[in-house]
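These notes concern the structure reproduced below.
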């Protein structure tokens, strides 16, 4: 089997040109032969008429054999290529000058003869050659008696057997070879030109094939670096350059996606390890309190028993909250959460939020502030879902802001009938390389490891998905050491 695109194209091209050469030669040979016949018939158009008018082939009502032979000898001496026949009205060949065994057809079709005689304008008409059964150019004329009655036809084959023999000899020696040589040379030139063109066209594909193989061999780990020529060709070059540019972009996208999946998988595994630890720790604590009550309950004072029960209940609440978050994220990811928007005054929602989180902020020494242009600002939202968003975003901001810092909630009406909401903090910030991943489930910024025990990496993912249900996008800006800003927009009506 022939391998390689260029070799297959070359083979196909060679076969095509070989076939084309055969077709061209056949067309040339037939066209040349037809032109010769047309020329010969036009030159001898009235030959039969002249002979009939000059020589009395039928002095009476019977054929004069002597006159016929004399006419045949005269014409064939002057033009050896011609063959003369007298044909009856029924198409039977009555008289000819040739050995009897050379006559193949003793009857000919008179339709071409009648067409030739009736034509007022010249048009190539071919008739049967009695000697070869081939269609050839001829001249014909009716033979009339003294009373004007038609007795027979004078039928002259212009290019007879002698002409065929001479033409075959000449073609074999010179003309045919010259024609074949010219056609072969032209086809060879075209073939070489086409092969060179195919080589130039397929070379970029061969190079691209090597690059694809090398990229696959690397395990899709290394970024592909397109050179300047490729980048320019991608915009201004041909389709092959555009294909190569597309491959580079696709390859780099694959590398990025694989890198992302590996990092995401690592984050997921780390999250599961920490969640397992976070679940095990409160369970172990709750178990310790309950076992103590079971084993030493009678020895403990009433106050100690209540203290142990309160601690076990508090641990249970924390554990329940953690499990609820996991289930909430699962429902959001599977599209099992609906929203019921209604026109809501945001100042009321933020007042409740401030009341619920001000204690947490105060305990951490963080100042919690609300900056709202107009307390009458309304938004079309699901109150419960939006409150969950605020709880997660503001709670996270307080969590990662050190004592003495500030967390600010800003609400501002915009001209496009939307409300811009921003939560800003002066906390530790998020590393730039982590920003694309902060809304992914299980992810926590690498610079926040010291606070890992405080969060589970689900709050931002849940907030982002809840806002998506409101057809809003949660955005983030951050700078290490200066703080973070989350913002989103809500429909004003």
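Every number here is computed from the coordinates shown, using simple stated rules; none is lab data. Model, not experiment: these values are computed from the prediction. Neighbour counts are summed over all protein chains in view; Cβ atoms, including those assigned to glycine, are modelled from backbone coordinates with ideal geometry.
Spin-label model, residue 301/residue 149: points 7 Å from Cα along the beta carbon direction are separated by 16.3 nm.
Here the extension length gained between residue 217 and residue 254 equals 11.9 nm, from 0.36 nm per residue of separation less the Cα-Cα distance. Taking a point 7 angstrom from the Cα of residue 354 along the C-beta vector, which residues in the stretch 364-402 have backbone N less than 13 Å away? In the stretch 364-402, the label zone of residue 354 (backbone N under 13 Å from the point 7 Å along Cα→Cβ) covers 368-376. For the stretch 5-169, the square roots of the Cα gyration tensor eigenvalues, ordered a ≥ b ≥ c, give a/c of at least 1.5 with a/b greater than b/c, which places it in the prolate category. Applying 1/(1 + (r/R0)^6) with r as the Cβ-Cβ distance of residue 477 and residue 290 and R0 = 41 angstrom yields a FRET efficiency of 0.30. The packing ranking, built from the mean of other Cβ atoms within 10 Å per residue, places the peptides 31-44, 395-408 in the order 395-408, 31-44, highest first.
When each of the peptides 470-482, 418-430 is scored by how many other beta carbons lie within 10 Å of its residues on average, the order from highest to lowest is 418-430, 470-482. Remark: relative contact order (the stretch 5-169) = 26 percent; criterion is Cα-Cα distance under 8 angstrom and separation of 6 or more residues. Calculate, for residue 362 and residue 264, the FRET efficiency according to 1/(1 + (r/R0)^6) with r their C-beta to C-beta distance and R0 41 Å; round to the nearest 0.05. Approximately 0.65, to the nearest 0.05.
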